[in-house]
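The structure under discussion appears below in the form of structure tokens.
What follows draws every value from the coordinates through simple rules; no lab data is involved. All of these numbers come straight from a predicted model, not from anything done at the bench. Note: ideal-geometry Cβ built from the backbone for every residue, glycine included; neighbour counts use all protein chains shown.
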Amino acid sequence: MRRFLPSVVENTPAHVGVVVVDNGSTDGSLAWLKGTYPQIETIEFTENHGFTVGYNLALERVEADYFLLMNSDVEVGSGWVEPLVAVLDRQADVAAVSPKLLSCNDKRCFEYAGASGGFIDWLGYPFCRGRVLSSIEQDCGQYDTERDVFWTSGACMLVRSEVFRRLGGFDSKFFAHMEEIDLCWRMHLAGYRTVVEPHSAVYHLGGGTLPNNTSHKLYLNYRNNLAMLYKNAPGRLRHITLFVRMFLDAGSALIYFLTGHFDFGRTVFRAHIDYSRWKPELRAQRAEFRARHCRPDKPDTLKGNIYRGSIVLRYILGFRHFGKMM
């Protein structure tokens, strides 16, 4: 917060309110914030509710037409807000828009968590314009056009408050990871579009709230991805996808075991077990959402934004740039 909040305060227009949500911190950061920026509104929780519940509870207390959700490890420059607002102002069917995310450590490169817009393949594996699996491209202006995407990054995204609330916000049980993809998928099912606007660019550090390469992060990614697919994928495709994923994930666990990462291997199996226990609740969520929000009369906003092949297979074959994928 010491490093990144000053850029937000300096470069955010006066008519845009800044709110900092303290998710039960114990490191003295809240006292520093109040002493350094007393003008900033704070929302304080006594416990860590995670990314999903923390945002849902906080945004219940905020009144605005649009919510600009942003991680605490994001640096911004002048003119970063206006292009995002302009997208929602002029396109009523767009529910969420994200800027181009570049790496804070190397500003010539895209950042893993969003790059220049997010997509998934038919097996549920996310990738981005500018990032395929672990292969990250340099930003040479190749993805500087506004376009529809499958998902906008939770690291920094502007959403319509009315749509966010009506669709139930983030799934509270996700805690963290995949929650923004799940939300965007539900937005598509309700007839809305999601967009990236690269004329707005921000710089993301990444791993600031949950360190990379931990078993807990791996667990959330596997479990939540399966839950997302079960809730949102079309009926026949859902069953095929989840059946194939069961074998692919077992293969991933085996590789972890063979390479000595026993904790990661066990984590994959634990994620599948907990997902299986969660399925009755997910089934009810799926049915309720489709009954209340699905709009078959609306255009198919998913068309062209789900890659029909396998990005894992393409990656193994050497196709590691988005421009060669879609």
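I'd like the distance separating the alpha-carbon centroids of segment 98-123 and segment 179-204, in whole Å.
Cα centroid of segment 98-123 versus Cα centroid of segment 179-204: 12 Å apart.
Can you give me the distance in nm between label points at S135 and V62, each placed 7 Å from the Cα along the Cα-to-Cβ direction?
The answer from the label model is 3.6 nm.
Can you run phi through the Karplus equation (6.51, -1.76, 1.60; θ = phi - 60°) for segment 14-22 and list ³J(HN,Hα) in whole Hz, with x for Gly and Pro?
Karplus-based 3J(HN,Hα) across segment 14-22 equals 4, 7, 9, x, 10, 10, 10, 9, 9 Hz.
Nearest 5 percent is fine: what portion of the DSSP beta bridges confined to segment 1-141 is antiparallel?
Roughly 60 percent of the beta bridges in segment 1-141 run antiparallel, per DSSP.
Can you give the helix-only mean residue ellipticity at 222 nm for the chain, where every DSSP H stretch with n ≥ 4 adds -39500 (n - 2.57) and the sum goes over all residues, rounded to the nearest 500 deg cm²/dmol?
-12500 deg cm²/dmol
Show me 191-198, 40-47 ranked by packing, highest mean number of other Cβ atoms within 10 Å first. If you can, show how the numbers build up before the last one.
Numbers: 191-198: 23.4, 40-47: 12.6.
Those peptides, ordered most packed to least, come out 191-198, 40-47.
Of the residues C140, C294, C109, which exhibits the maximal mean-square fluctuation in a Gaussian network model of the chain defined by a 10 Å Cα contact cut-off?
C140
In this model, which of K303/K324; K231/K324; K100/K324; K217/K298; K100/K298 are farther than 25 Å apart at the alpha-carbon?
Those over the limit are K231/K324; K217/K298; K100/K298.
For K217 and D300, compute 0.36 nm times the residue count separating them, minus their Cα-Cα distance, and round to one decimal in nm.
Taking K217 through D300 to full extension adds about 26.6 nm, to one decimal.
Report, for the chain, the % of DSSP beta bridges that are antiparallel, rounded to 5.
On the way: 22 of 38 bridges.
Percent antiparallel among DSSP bridges in the chain is about 60.
In degrees, nearest 10, range 0 to 90: what is the angle between the Cα axis of helix 235-258 and the longest Cα principal axis of the chain?
Approximately 90 degrees, to the nearest ten.
In nm, give the distance between the simple-model label positions of D27 and R266, each being 7 Å from the Cα along the Cα-to-Cβ direction.
2.8 nm
What's the percent breakdown of Cα-Cα distances in the chain across 10 Å bins, shortest bin first?
5, 25, 36, 25, 8, 0
By how many degrees, 0 to 90 and rounded to 10, does the Cα axis of helix 50-59 deviate from the longest principal axis of the chain?
50 degrees
Arrange the peptides 182-189, 49-56 so that the one whose residues have, on average, the most other Cβ atoms within 10 Å appears first.
182-189, 49-56
So what J values fall out for segment 296-303 if you push phi through Karplus, 6.51 cos²θ - 1.76 cosθ + 1.60 with θ = phi - 60°, rounded to Hz, Gly and Pro as x?
After applying 6.51 cos²θ - 1.76 cosθ + 1.60, I find x, 7, 7, x, 6, 6, 8, 4 Hz.
How far, in degrees from 0 to 90, does helix 215-232 lean away from the longest principal axis of the Cα atoms of the chain, to the nearest 10?
Computed tilt is about 80 degrees.
Return the long-range amide H neighbours of G117 (sequence gap of 5 or more, or a different chain), with a cut-off of under 5 Å between placed amide H atoms.
When sequence neighbours closer than 5 places are left aside, the close amide H contacts are L101, R129.
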